[in-house]
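Structure first, commentary second.
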Amino acid sequence: MRSSLHGIPVWSVAAPVLAGGLLAMVWGSELGWAFIGLVAAALIAAVFSAVHHAEVIALRVGEPFGTLVLALAVTVIEASLIVTLMLSGGEETSTLARDTVFATVMIICNGVIGLCLLLGGLRHRVLTFNVEGTSPALAALATLVVLTLVLPNFTITEPGPELSRSQLAFAGAISAALYGVYVFVQTVRHRDYFLPVGAEDSESHAEPPTLLATGLGSVLLVVSLVAVVGLAKCLAPSIESAVVAARVPHAVVGIVIALLVLLPETVAATRAALRNRMQTSVNLALGSALATIGLTIPVLAATSLTFGLPLDLGLPTKEIGLLALTLFISGLTLSQSRAAVLQGAVHLVLFAVFLFFAVIP
């Protein structure tokens, strides 16, 4: 039996195909206990397949384009899922976008970055990255987060946490514009700011994949990510039942789904940190958070304005406090060119605080 197909391991081809087939089989149906385990296993296999194909593409196109591909693909699929839920759920989903975006920012800035710093620091003692790339990215993220998740509570044209139609259109346009500038700077104007520093692996000397392998990998990456998001959505009712049985707030469901959807970026970022490529990890983390706001908010704003759906964006007071602390600590961490285990532990503590107060508000 052949172990590869045009240079791509057979397992990385079979995993997304089988996961996609399982998704088509179980979509819209209630999962039994046997299927829950099968769906979870298929989701994990699709995650590792997505990471593999993203790395193949990265070898072909180079950094930071490789991390951008993975972040954009996940965000586009996630935004499509949110729009679908909004259109089918009506007023009951008015806070869905807010909760999803907030959970994504907290998971990435605290969970993903903290895990990368902790594991990478344990292996390499000190991790290095370009401040010229991390600081502007964090500044753009802080601007977008405050504009979309905090400011709606303080406007007076409409009672918070909503924005008026003109304010919502403005917020969507500004989010898309700022994200576009970030992508331009990352990939064209100052691409060198986002290249890995002090890497100690053989990736730079590896032979790039063929054009055919890259094209096949791109298709399989999309299939893998569709399977990840779709299977996570299929698991949502079972997760919701478990949340209800545990008598914890319903918002925990959104956090669990966000954790599942962000698995590909988390695995890819962690693997990069273990290879002493912390800049790649930061590119993935901040790039995913920026894409979540810069792409999702404009799409959701357009959907809300077109179909007249309510869209509550302003965060409650407790969440604003956690967000402010997260941005402050992230600024301290990423304003230096070096980080180690302690910074990772601080971010993971903040992530634990976020999870704890989500379960016990």
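The values are calculated or read from the model by the stated rules, or taken from the named source; none is laboratory data. Model, not experiment: these values are computed from the prediction. Cβ atoms come from the backbone with ideal geometry, glycine included; neighbour counts cover every protein chain shown.
Yes/no matrix, rows are residues, columns are (1) modelled with pLDDT under 85; (2) surrounded by 15 or more Cβ atoms within 10 Å (Cβ to Cβ); (3) closer than 29 Å to E55 by Cα; (4) touching a Cys at 6+ places or on another chain (Cβ under 6 Å):
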{"residue": "I255", "(1), (2), (3), (4)": "yes, yes, yes, no"}
{"residue": "L260", "(1), (2), (3), (4)": "yes, yes, yes, no"}
{"residue": "T280", "(1), (2), (3), (4)": "no, yes, yes, no"}
{"residue": "A301", "(1), (2), (3), (4)": "no, yes, no, no"}
{"residue": "L305", "(1), (2), (3), (4)": "no, yes, no, no"}
{"residue": "V349", "(1), (2), (3), (4)": "no, no, no, no"}
{"residue": "V353", "(1), (2), (3), (4)": "no, yes, no, no"}
Applying the selection to the range 314-332, what residues are closer than 17 Å to S281 by Cα and either charged (D, E, K, R) or surrounded by 21 or more Cβ atoms within 10 Å (Cβ to Cβ) (or both)?
S330
Can you confirm whether the range 136-152 contains a residue that is modelled with pLDDT of 90 or more, under 23 Å from A291 (Cβ atoms), surrounded by 23 or more Cβ atoms within 10 Å (Cβ to Cβ) and in contact with a Ser or Thr (Cβ under 6 Å, 6 or more places away or on another chain)?
yes
Are there any pairs with C-beta distances below 8 angstrom linking a residue in the range 3-28 that is of a type in the set (G, A, S) and surrounded by 13 or more Cβ atoms within 10 Å (Cβ to Cβ) to a residue that is modelled with pLDDT under 85 and in a loop (DSSP other than H, G, I, E, B), with the two at least 6 apart or on different chains, and if so which?
G7/P209; G7/T210
Looking only at the range 139-184, filter to residues that are charged (D, E, K, R) and outside any helix (DSSP H, G or I); which one of those is nearest to the chain's Cα centre (by Cα)?
E162
Any idea which residue in the range 295-332 is nearest to V150 (Cα to Cα), counting only those that are in contact with a Ser or Thr (Cβ under 7 Å, 6 or more places away or on another chain) and part of a helix (DSSP H, G or I)?
I297
Going residue by residue through the range 57-67, is there one that turns out to be modelled with pLDDT under 75, under 19 Å from L290 (Cβ atoms) and under 14 Å from the mean Cα position of the chain (by Cα)?
yes
